[in-house]
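The values are calculated or read from the model by the stated rules, or taken from the named source; none is laboratory data. As the structure is a computational prediction, the values presented were derived from the model and not from experiment. Using ideal geometry, Cβ is built from the backbone for each residue, glycine included, and neighbour counts are taken over all protein chains shown. Accessible surface areas use protein heavy atoms only, side chains included; no ligands, DNA or RNA. Shrake-Rupley method; radii C 1.70, N 1.55, O 1.52, S 1.80 Å.
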Amino acid sequence: SIPPRARPPAGRHMILRATSGLLLGPAVHRAIHHSPAARRTVAAAASPSRKPGATMVGPARALHYVFKIGNRKSSADFYQRTLLMKPLRHEEFTEGCAASCNGPYDGHWSKTMIGYADENSSFVLELTYNYNVKSYELGNDFHSMTIKRKDVYAAVQAAGCGTPASDGKGLAVKDPEGHTFVVVDEDVEGPNPVTEVALNVADLGNALAYWADFLSFKVAEKGDGYVTLTTGKAGEAALRLVQLPSGTKLERGTGYGRIAFACPGEQLKQLQEDVKAAGYKVHTPYVSLDTPGKATVQVVILQDPDDHEICFVGDDGFRDLSQVDGAASKLLADAIEADKSEEWHAKMAEREAKMKAHGV
């Protein structure tokens, strides 16, 4: 692997996309009891107007979640053959991303957008691959992603790689990097079968205060130890915040991800200023990025109280940027073939097998 680098100055290369009736479960009540900010969320949740100290983002759209992958071939095979996703765009870069889309790494990397429908009508995944990084350490920050499609459920069953989900609804399956997906045997109306992204949090009260009170996301569901939030638009992927067990520290490892939303581009600068004024973190300040032959996009990247990264990208530019590329599958396959990293992974697997056989 290669060492992390400091984030480069804004303006370098880039193709980026970048309540009411709160009947909360006991664990949520306990979290809120210890969080004054979260108590303000509950008190103000019935009001649709902007709350004191809050920022108004919207209308926002849930776009994608970013995974770093160490084995591009096995990941591509899993997403296409088991989860039945299709590559939508594939792009190669010769230097690290100005907004750290590929993590804090410099050098050659690629980005593959993969999902069930175009990026403007369905929640998708962004797979980032750093050529000189062959594996990542997963933390406990990412919980799971839920997919509701009968054919995907059947594919997971046929592959024999799913186990009953913890809530008894659907099958849980892990990708080659260790990320959990819950596949449910039902179809949804509309083009987006990715119904939920769940992230673990260390303090549900603090997380709720940030996402619902400050960012003004809508509380859609409350349960014992979790809260589900939405942008308010029907058919989009929801965000579920899940309380870690008491005393468990949230670890992001080196394989941490990023969630992305689109919003009107003219809101981004004010969003950044509101975040600073509230004492929250700005990961990457506002930047407008030009890419030859593609749309210009504006982004601001934030970090919530658990350091989950949140990309807000200007909606108009992203809609232009995120057009489906009919050559994406071939571009990805060609890049994998040219990379030859599968040979490296095979050698490592052989070496580990020999060491295990000798009790090492």
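Find which of 182, 162, 142 sits farthest along the positive direction of the dipole of the stretch 109-183, computed with +1 on the beta-carbon of Lys and Arg, -1 on that of Asp and Glu, about the Cα centre. Value: 162. Element breakdown for the stretch 303-342 at a 1.4 angstrom probe: carbon and sulfur atoms account for 48% of the accessible area. For the pair residue 74 and residue 118, a Förster radius of 30 Å applied to the C-beta separation gives a FRET efficiency near 0.70, rounded to the nearest 0.05.
Of the whole protein surface, residue 187 contributes about 90 Å² of accessible area at a 1.4 Å probe radius.
On a per residue basis, the stretch 113-253 carries 39 Å² of accessible surface, using protein heavy atoms and a 1.4 Å probe.
When the square roots of the Cα gyration tensor eigenvalues are ordered a ≥ b ≥ c, the ratio a/c for the stretch 120-231 is 1.5 or more and a/b does not exceed b/c, which makes its shape oblate. Taking all protein chains together and rolling a 1.4 Å probe, residue 194 ends up with roughly 0 Å² accessible. Extent of the stretch 168-267 along its three principal axes (Cα atoms, max minus min coordinate, largest first): 39, 36, 29 Å. Solvent-accessible area assigned to carbon and sulfur over the stretch 98-238 amounts to 47 percent, based on a 1.4 Å probe.
When the C-alpha to C-alpha distance is required to be over 20 Å, the pairs from 68/148; 111/269; 150/174; 73/111 that qualify are 68/148; 111/269. With the cut-off at 1.5 for a/c, could you classify the stretch 215-344 from its C-alpha gyration tensor as rounded, prolate or oblate? Oblate shape, in that a/c is at least 1.5 and b/c is the bigger or equal ratio.
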